[in-house]
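Peer 1: Before I ask anything, let me first share the structure, which is written out below as structure tokens.
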Amino acid sequence: MKSRSQQLMDRSISAMLAGIEIYNKPLFPYRVESFTMLAINAWELLFKAKWLHDNRNKISSLYVYEKRSLKNGVRSKKETIKRTSSGAPFTHSVDHLSKKLFEQQKIPQEVVDNLAFLMEFRNASVHFYLRSLESAQRLQELSMASVKNYTMLVQDWFGRALSDFDFFLMPLA
């Protein structure tokens with residue numbers, strides 16, 4: 001059975017492949033937005049896989065903890081796992097993990113900056129809409145850099161060469 005970090009790594013690669021597949025479809029109107037959503041998901045899963053790997057696959061290392069309010073209104077001294085509205089454990093965000101991995105010198109500033117731009121574009125796409133794609137060329141360049149950085153870190157961190165996959169992005173028309 002694969003470790004949790006390996007399972008997350010597999011899911012991360014699948015998310016990146018799905019993003020590239022959609023990005024390379026010429027007649028898919030929402031392709032750039034879809035790519036950024038899947039690429040951010042791939043990055044988050046990659047960072048969580050690395051975090052687990054470095055923390056002996058201890059799943060609790062990914063959880064966000066909080067101090068709850070007691071019935072008398074006082075904050076508890078004991079921290080408990082923060083829960084989502086569905087009751088699942090709340091895990092650290094891609095943003096949080098990228099900052100932590102940068103602080104530990106496991107990712108360069110360029111990766112953090114690239115990811116921040118992709119997240120900004122993704123947020124604009126998901127939470128509202130983009131009026132124009134005037135920055136399409138810049139987005140193309142950063143998307144290609146993101147895929148390149150991703151494959152480099154997968155190789156460095158997990159020894160997995162992604163040469164079996166067609167990790168390339170066709171230029172935007």
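The values are calculated or read from the model by the stated rules, or taken from the named source; none is laboratory data. The structure presented is a predicted model; accordingly, all values stated were derived computationally and were not measured. Don't worry about glycine lacking a Cβ; one is built from the backbone with ideal geometry, like all the others, and counts go over all protein chains shown. Ligands, DNA and RNA are stripped out before the accessible areas are found, and what is left, the full protein with its side chains, is counted by its heavy atoms. Shrake-Rupley method; radii C 1.70, N 1.55, O 1.52, S 1.80 Å.
Peer 1: Quickly estimate the mean residue ellipticity at 222 nm for the chain, helices only: each DSSP H run with n ≥ 4 gives -39500 (n - 2.57), and the total goes over all residues, rounded to 500.
Peer 2: Details: 5 runs with 96 residues, N = 173.
Value at 222 nm, helices only, nearest 500: -19000 deg cm²/dmol.
Peer 1: If you don't mind, another one. Could you compute the FRET efficiency for Q137 and S76, with r as their C-beta to C-beta distance and R0 at 35 Å, rounded to 0.05?
Peer 2: Details: r = 52 Å, r/R0 = 1.48.
That pair, Q137 with S76, gives E of 0.10.
Peer 1: Same structure again: Out of the total accessible area of the range 36-160 (probe 1.4 Å, heavy atoms of protein only), what percent is carbon and sulfur? Before the final figure, lay out the partial values.
Peer 2: Numbers: 3830 of 7560 Å².
Here carbon and sulfur together make up 51 percent of the probe-accessible area.
Peer 1: Measure nothing fancy, just the Cα-based angle from helix 94-103's long axis to the longest principal axis of the chain, in degrees from 0 to 90, nearest 10.
Peer 2: That works out to roughly 80 degrees.
Peer 1: Could I ask something else about it? Give, in whole angstrom and from largest to smallest, the semi-axes √(5λ) of the equivalent ellipsoid of the range 33-112, with λ running over the eigenvalues of the Cα gyration tensor.
Peer 2: On the way: eigenvalues 159, 50, 29 Å².
Listed largest to smallest, the semi-axes of the range 33-112 are 28, 16, 12 Å.
Peer 1: Let me ask you something else. Against the longest principal axis of the chain, how steep is helix 4-23, in degrees 0 to 90 to the nearest 10, with axes from Cα atoms?
Peer 2: 30
Peer 1: Only Cα pairs within less than 10 Å get springs; with that Gaussian network setup on the chain, which residue of I59, I22, I40 has the largest fluctuation?
Peer 2: Its mean-square fluctuation being the largest, the pick is I59.
Peer 1: Now for a different question. List the GluC sites (Glu not before Pro) in the range 52-137 that DSSP assigns to loop (not H, G, I, E or B) and whose Cβ has at most 14 other Cβ atoms within 10 Å. Which are they?
Peer 2: On the way: sites: E66, E79, E103, E110, E120, E134; in loops: E134.
Hits after loop and neighbour filter: E134.
Peer 1: As an exercise, use a Förster radius of 22 Å and the Cβ-Cβ distance of Y63 and Q6 to find the FRET efficiency, rounded to the nearest 0.05. Before the final figure, lay out each step's value.
Peer 2: On the way: r = 20 Å, r/R0 = 0.89.
Plugging the Cβ-Cβ distance into 1/(1 + (r/R0)^6) gives 0.65.
Peer 1: Just to check I understand the Karplus step: with θ = phi - 60° and J = 6.51 cos²θ - 1.76 cosθ + 1.60, what whole-Hz values come out for the range 137-146, glycine and proline as x?
Peer 2: Calculated HN-Hα couplings, in order: 5, 4, 5, 4, 4, 5, 5, 5, 5, 4 Hz.
Peer 1: Cα-based Rg (one decimal) and Dmax (whole number) for the chain, in Å?
Peer 2: Reported Rg and Dmax, both Å: 18.0, 62.
Peer 1: Which value, in debye to the nearest 20, gives the size of the charge dipole of the range 1-118 about its Cα centre, when Lys and Arg are +1 and Asp and Glu are -1 at the Cβ? Before the final figure, lay out the partial values.
Peer 2: Numbers: 20 positive and 11 negative charges, 185 e Å.
For this selection, approximately 880 debye.
Peer 1: Between R83 and Q105, what length in nm is gained on full extension when 0.36 nm per residue of separation is reduced by their alpha carbon distance?
Peer 2: Length gained between R83 and Q105: 4.9 nm.
Peer 1: On to the next question. In straight Cα distance, which lysines are under 28 Å from K148, not counting same-chain residues fewer than 8 positions off?
Peer 2: Correct list for K148: K2, K25, K48, K50, K99, K100, K106.
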